[in-house]
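Structure, as structure tokens:
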Amino acid sequence: MNILMLGAPGSGKGSQSELIVKDFGLVQISTGDLLRQAVANQTKEGILANSYMSKGELVPDELVLGLLSIRMNKPDSKNGVIFDGFPRNVKQAEMLDKILAEDGKKIDIVINIGSPFDVLKERLMARRLCDKCGKGYNMISNPPKGKNCDCGGDIITRSDDNDGVIKNRLEVYLNSTKPLIEYYTKKGVLADIDGNRKIPVIYGDIKELITKAGNR
Ligand code: AMP
């Protein structure tokens, strides 16, 4: 089964994907994570990607597709993938359809998580993560127990979670990513989820949708 998580930055795609992984045994592939890894490793791709990411712009399709293809070729993704943060535009969606079709696969369900932009901005400003294990926190709704993460790592703010860059990321979502709602609605695979609720409540609905899609 292949699942796609759609939604603006801060909508909760990553948090929900982590819960899906636990219940359904699929792998989560986040192009944001793949790109941040390349940036951290200072690879040629990472250095180029960073010049876009630091401004909240989309990284060129070919670069993202290159990293994604390498990840999808690993054996653990053969049973099914949760695509988190990919595709970000219609061209990427068409490319993904092509890659999956070559293996006789398709996207089975698209979970579109919606929230008002003022809520998203507030969430992104309060978002933190552990620099060691990657665990996500929110200083308002889910703060760390102490100064550090449970694993001992430092709690950090993502460099693109700042006011100016957040504004641009939401603009980019409206212009490039939102058209995917129509793209997947036409294919009959899109399910809308109200993301302005507590994480476990949202997940309850998502779990039901995925279970139903799996029985189709
Ligand atoms: P994310 O972690 O999904 O919020 O992504 C962080 C940043 O990585 C985005 O603001 C983009 O600059 C870049 N990025 C992530 N996924 C993609 C993608 N599929 N296409 C282009 N750029 C991406």
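The values are calculated or read from the model by the stated rules, or taken from the named source; none is laboratory data. Keep in mind the model is a prediction, meaning the values are calculated, not measured. Please note: Cβ atoms are built from the backbone with ideal geometry, for glycine as well, and neighbour counts cover all protein chains shown.
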Among the helices (runs of 4 or more DSSP H) confined wholly to the stretch 143-215, which include 2 or more residues that are closer than 22 Å to residue 19 by Cβ and modelled with pLDDT under 95? 199-215
Residue 55: more than 10 Å from the ligand (Cβ to nearest atom) and either outside any strand (DSSP E or B) or more than 27 Å from residue 125 (Cα to Cα) (or both), yes or no? no
Which count do you get for residues in the stretch 28-44 that are surrounded by fewer than 17 Cβ atoms within 10 Å (Cβ to Cβ) and over 12 Å from the mean Cα position of the chain (by Cα)? 6
What pairs come out if I take residues in the stretch 53-69 that are under 22 Å from residue 168 (Cα atoms) and pair them with residues that are more than 8 Å from the ligand (Cβ to nearest atom) and part of a loop (DSSP other than H, G, I, E, B) whose C-beta lies under 7 Å away, six or more apart or interchain? 54/159
Taking the stretch 33-52 and keeping only residues that are touching a Pro at 6+ places or on another chain (Cβ under 9 Å) and either within 9 Å of the ligand (Cβ to nearest atom) or charged (D, E, K, R) (or both), one is left with 49, 52
Among the residues of the stretch 7-29, are any in contact with a strand residue (DSSP E or B) (Cβ under 9 Å, 6 or more places away or on another chain), hydroxyl-bearing (Ser, Thr, Tyr), farther than 22 Å from residue 74 by Cβ and modelled with pLDDT of 95 or more? yes
One residue is enough: does the stretch 63-71 have a residue meeting the conditions modelled with pLDDT of 95 or more, among the hydroxyl-bearing types (Ser, Thr, Tyr) and more than 8 Å from the ligand (Cβ to nearest atom)? yes
Quick one: is residue 63 in contact with a Leu (Cβ under 7 Å, 6 or more places away or on another chain), surrounded by fewer than 17 Cβ atoms within 10 Å (Cβ to Cβ) and either among the hydrophobic types (A, V, I, L, M, F, W, C) or part of a loop (DSSP other than H, G, I, E, B) (or both)? no
crowded, with 21+ Cβ neighbours inside 10 Å, away from the ligand (no atom under 11 Å from the Cβ) and not polar (S, T, N, Q), is that true of residue 6? yes
In the stretch 81-110, anything in contact with a strand residue (DSSP E or B) (Cβ under 6 Å, 6 or more places away or on another chain) and away from the ligand (no atom under 15 Å from the Cβ) is listed as 109
Test for residue 115: is it in contact (Cβ under 8 Å) with a residue 60 or more places away in the chain and either under 22 Å from residue 198 (Cβ atoms) or of a type in the set (Ser, Thr, Tyr) (or both): yes
